[in-house]
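Written out below as structure tokens is the structure these notes cover.
The numbers here are math on the coordinates, done by the rules we state, and not lab data. As the structure is a prediction and not an experimental result, all values here were calculated from the model. Ideal geometry is used to build each Cβ from the backbone, glycine not excepted, and the neighbour counts take in all protein chains shown.
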Amino acid sequence: MSDPRIWDISQRLSSNTPLWPGEPELKVSRHASISAECPVNIGAISLPLHSGTHADAPLHYSSDGVASADSPLEPYLGRCMVVDARASGARIEMQDCDWSEIEGEERVLFRTYGKFPHDAWDENFTAVAPDVIARLRDAGALLIGIDTPSLDPQNSKTMDAHHEVLQGDMRILEGLVLDDVAPGAYELIALPLAIEGADASPVRAILRELP
Ligand SMILES: N[C@@H](CC(=O)c1ccccc1NC=O)C(=O)O
Ligand SMILES: [Zn+2]
Ligand SMILES: [Zn+2]
């Protein structure tokens, strides 16, 4: 039997990766290079924690929320449902969702882009209406994912969708790349790094074909 198919749903990280406006630069540097004196190449990275495809930790939207290192991993691992929300407007609203498809799913990933904007920051990205989050939460969801940089609009001061997530102690993935993924059920694997005190962490997110 052949191995199950996998889809890499992560952005590549480089100095060209679009970042939230005002965030510090993403740098990949070479600390040491192979030479007569040095047997190895050694790199270093410096980047905002919300770079590219990442997991928000509850600490991001609550001062007493847990940091990346202290989050349980179950939400980031297991069956998920990928949903086509490309027809939504500025927010994914209740009526944009096929509830028979997603209600009761533990993990729901929303696709809003026809083609992911790898080369430029999109300030008018699609957010998620708080009542959509609340309904998924009340039906037992553990994780909400999206291909945009945030569940709330860029200019939000209240972070309403994030606060609905907080009420159910759910987890969030942002900046997913779902261009090549058909709607349907998959296994999600997208683990945050165990960074102490971190309000978010980059992840390598993949989907795997279900058996
Ligand atoms: N990346 C964030 C949001 C975010 O970064 C943010 C939200 C509101 C006001 C300022 C923000 N970031 C500033 O660098 C998110 O996880 O949704
Ligand atoms: Zn984030
Ligand atoms: Zn967020």
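Within segment 50-72, residues that are over 19 Å from Leu109 (Cβ atoms) sit with their Cβ atoms under 7 Å from residues that are polar (S, T, N, Q) and crowded, with 21+ Cβ neighbours inside 10 Å, at 6+ positions apart or across chains, in these pairs: Ser68/Ser201. Candidates are the residues of segment 39-94 that are among the charged types (D, E, K, R) and within 15 Å of ligand 1 (Cβ to nearest atom); the one that is nearest to Thr17 (Cα to Cα) is Asp56. Taking the criterion of being in contact (Cβ under 8 Å) with a residue 60 or more places away in the chain, within 9 Å of ligand 1 (Cβ to nearest atom) and more than 17 Å from Phe116 (Cβ to Cβ), the residues of segment 155-178 that qualify are Met159, His162, Ile172. Among the residues of segment 136-156, is there at least one that is within 15 Å of ligand 2 (Cβ to nearest atom), part of a helix (DSSP H, G or I) and surrounded by 19 or more Cβ atoms within 10 Å (Cβ to Cβ)? Looking through segment 136-156, none of the residues is within 15 Å of ligand 2 (Cβ to nearest atom), part of a helix (DSSP H, G or I) and surrounded by 19 or more Cβ atoms within 10 Å (Cβ to Cβ). Scanning segment 159-196 for residues that are assigned to a loop (DSSP other than H, G, I, E, B) and within 16 Å of ligand 2 (Cβ to nearest atom) returns Met159, Met170, Gly175, Leu176, Val177, Ala190, Leu191, Pro192, Leu193, Ile195. Within segment 50-80, the set of residues being surrounded by 20 or more Cβ atoms within 10 Å (Cβ to Cβ) and farther than 13 Å from Arg171 by Cβ comprises His50, Ser51, Gly52, Thr53. With the checklist (1) crowded, with 23+ Cβ neighbours inside 10 Å; (2) under 16 Å from the mean Cα position of the chain (by Cα) in hand, flag the one item Val132 doesn't pass. Unmet for Val132, out of (1) crowded, with 23+ Cβ neighbours inside 10 Å; (2) under 16 Å from the mean Cα position of the chain (by Cα): (2).
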